[in-house]
Amino acid sequence: MIPISKPFIEKKDFKYIKKVLENKILTDGFFQNKCEKFIKKKLKSKFIALTHSCTAALEISMMLIDLKKGDEVILPSYGFVSIANAIVLRGATPVFADVDPENLNISPYDIKEKINQRTKAIIVIHYAGNSCEIQKIKNLTKLKQIYLIEDAAHSFHAKYKNKYLGTIGDIGVFSFHETKNLVSGQGGCISINNKSLIKRVNFILDKGTNRYEFIKNYKKKIITTTKNKKYYTWVDIGSEYRAPELSSALLYSQLKKLNFIQKKRKSIWNFFKKALLKLNSNLFTIIEPNKFSKSSYHLFVVIFKTDYLAKNFMKYMQKKGIAATFHYVPLHKSKMANKYFKKKLKVTENIYSRVVRLPLFVGLNKKMIKKIVLNFKKFLNDQK
Ligand SMILES: Cc1ncc(COP(=O)(O)O)c(C=O)c1O
């Protein structure tokens with residue numbers, strides 16, 4: 001079976017993990033620090049912290065903006081459940097927005113419709129590695145003094161114009177989960193662009209304590225027995241959000257291969273695009289980056305003309321040993337969301353069951369790629 005994704009792990013990746021085990025420093029270590037410095041420099045971010053997941057980074061974001069009961073946050077329904085959870089965990093209300101049918105990114109027009117005095121933040125997703133209409137949305141949030149959070153789980157190293165996604169709004173979050181372009185097992189990071197939000201972040205990352213200062217001093221061996229220096233204490237809300245050293249070591253190894261990984265994904269993505277467009281069929285369209293965005297080529301997404309075609313295509317490919325899968329089920333239709341939101345979202349409801357993803361990962365070799373394209377073609381021929 002050709003899987004939908006597969007982490008790019010080589011012998012080289014073992015080297016750093018071995019180093020962690022030999023050094024026996026399993027938290028707050030060398031690799032966590034190295035990754036944070038690397039990402040901060042690469043993305044030109046004001047603040048970066050590694051977290052144990054993008055989910056964690058989303059929860060931190062909601063604490064940083066002091067989200068409370070009575071506040072509303074606008075998010076795409078066509079998206080990941082961690083965003084909605086991060087909102088309701090703070091007692092606030094999720095307000096689901098529709099997507100643009102061209103790219104499955106949140107619609108700035110629907111955002112505009114849904115902003116009101118209770119709106120505290122907007123969380124966008126840069127779906128499949130392609131920038132949403134971030135400039136338009138940023139203009140809206142600036143005008144209304146609303147926080148803008150970019151979920152760039154799919155989009156590490158992707159750009160809008162000359163800026164890296166995740167560094168344009170007030171906060172950006174990233175994922176290094178097993179299914180993403182770069183993997184650390186489970187992992188993520190938070191990037192903060194709004195300076196006023198930086199001062200609390202280390203407290204939240206360290207279970208609501210001022211441990212960060214303590215550790216920094218400890219590492220410099222300047223701990224004295226004077227008061228305030230010897231202990232750290234509870235100063236804010238928070239949880240255990242930092243990335244462990246073993247997964248940080250894997251991420252460091254992956255970061256060193258960033259250009260190779262991205263180049264390879266881009267070439268597979270372009271191959272699929274060229275081959276599928278050659279089929280000259282009106283039974284499907286593909287999702288492409290807009291002209292302002294440099295993609296991370298996280299997903300290859302096909303939108304079929306009907307649900308029936310999409311369902312049958314997935315079944316057909318499965319039978320041929322190719323995993324072609326659906327993606328998000330709209331959040332606003334879920335049992336949980338029903339408590340908060342009762343409206344219809346026309347585009348999302350019409351499109352989600354027509355979306356299919358093709359396998360896309362570095363280890364996809366020429367033979368596999370050709371097999372995928374050939375079977376795509378055969379499926380279309382069968383429809384005639
Ligand atoms: C858009 C989006 N945000 C957040 C997440 C959560 O990422 P993680 O698994 O690192 O918590 C995902 C997971 O795939 C996602 O697709």
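The values are calculated or read from the model by the stated rules, or taken from the named source; none is laboratory data. On a predicted model such as this, the values are computed, not experimentally measured, just so you know. Note that each Cβ is placed from the backbone with ideal geometry, even for glycine, and that neighbours are counted across all protein chains shown.
Okay, residues lined up against (1) among the hydroxyl-bearing types (Ser, Thr, Tyr); (2) more than 23 Å from Ser155 (Cα to Cα); (3) part of a loop (DSSP other than H, G, I, E, B):
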residue	(1), (2), (3)
Phe260	no, no, no
Thr285	yes, no, no
Lys311	no, yes, no
Tyr328	yes, no, yes
Lys335	no, yes, yes
Leu360	no, no, yes
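Each row is one residue, and each column tells you yes or no for (1) part of a helix (DSSP H, G or I); (2) buried (at least 21 other Cβ atoms within 10 Å of the Cβ).
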| residue | (1), (2) |
| --- | --- |
| Gln254 | yes, yes |
| Lys263 | yes, no |
| Lys273 | yes, no |
| Leu277 | yes, no |
| Glu288 | no, no |
| Ser296 | no, yes |
| Lys343 | no, no |
| Glu349 | yes, no |
| Ser353 | yes, no |
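Just give me the residues in the range 293-321 being over 25 Å from Met1 (Cα atoms) and touching a strand residue (DSSP E or B) at 6+ places or on another chain (Cβ under 6 Å), in sequence order.
Ser293, Lys294 - these are the residues of the range 293-321 that are over 25 Å from Met1 (Cα atoms) and touching a strand residue (DSSP E or B) at 6+ places or on another chain (Cβ under 6 Å).
Which of the numbered conditions does Tyr147 fail, given that it passes all the others? Conditions: (1) surrounded by fewer than 24 Cβ atoms within 10 Å (Cβ to Cβ); (2) more than 21 Å from Thr55 (Cβ to Cβ).
With (1) surrounded by fewer than 24 Cβ atoms within 10 Å (Cβ to Cβ); (2) more than 21 Å from Thr55 (Cβ to Cβ) applied to Tyr147, the lone miss is (2).
Taking the stated definitions as given, is Ile111 of a type in the set (Val, Ile, Thr), farther than 30 Å from Phe304 by Cα and at pLDDT 95 or above? It would help to see each step written out before you state the result.
Details: of a type in the set (Val, Ile, Thr): yes; farther than 30 Å from Phe304 by Cα: no; at pLDDT 95 or above: yes.
When the stated conditions are applied, Ile111 does not pass them.
Can you report the number of residues in the range 27-45 which are outside any helix (DSSP H, G or I) and either outside the structural domain of Asp236 (by TED's automatic domain parsing) or not charged (D, E, K, R) (or both)?
Within the range 27-45, residues that are outside any helix (DSSP H, G or I) and either outside the structural domain of Asp236 (by TED's automatic domain parsing) or not charged (D, E, K, R) (or both) number 3.
Is it the case that some residue within the range 46-58 is within 20 Å of Val329 (Cα to Cα), within 16 Å of the ligand (Cβ to nearest atom) and not in a helix (DSSP H, G or I)?
Looking through the range 46-58, none of the residues is within 20 Å of Val329 (Cα to Cα), within 16 Å of the ligand (Cβ to nearest atom) and not in a helix (DSSP H, G or I).
Need the failing condition index for Lys367 against (1) in a helix (DSSP H, G or I); (2) surrounded by 15 or more Cβ atoms within 10 Å (Cβ to Cβ), just the number.
With respect to (1) in a helix (DSSP H, G or I); (2) surrounded by 15 or more Cβ atoms within 10 Å (Cβ to Cβ), Lys367 is out only on (2).
Are any residues in the range 65-85 assigned to a strand (DSSP E or B) and within 16 Å of the ligand (Cβ to nearest atom), and if so, which ones?
Initial filter on the range 65-85 (assigned to a strand (DSSP E or B)): 72-76.
Selection gives Val73, Ile74, Leu75, Pro76.
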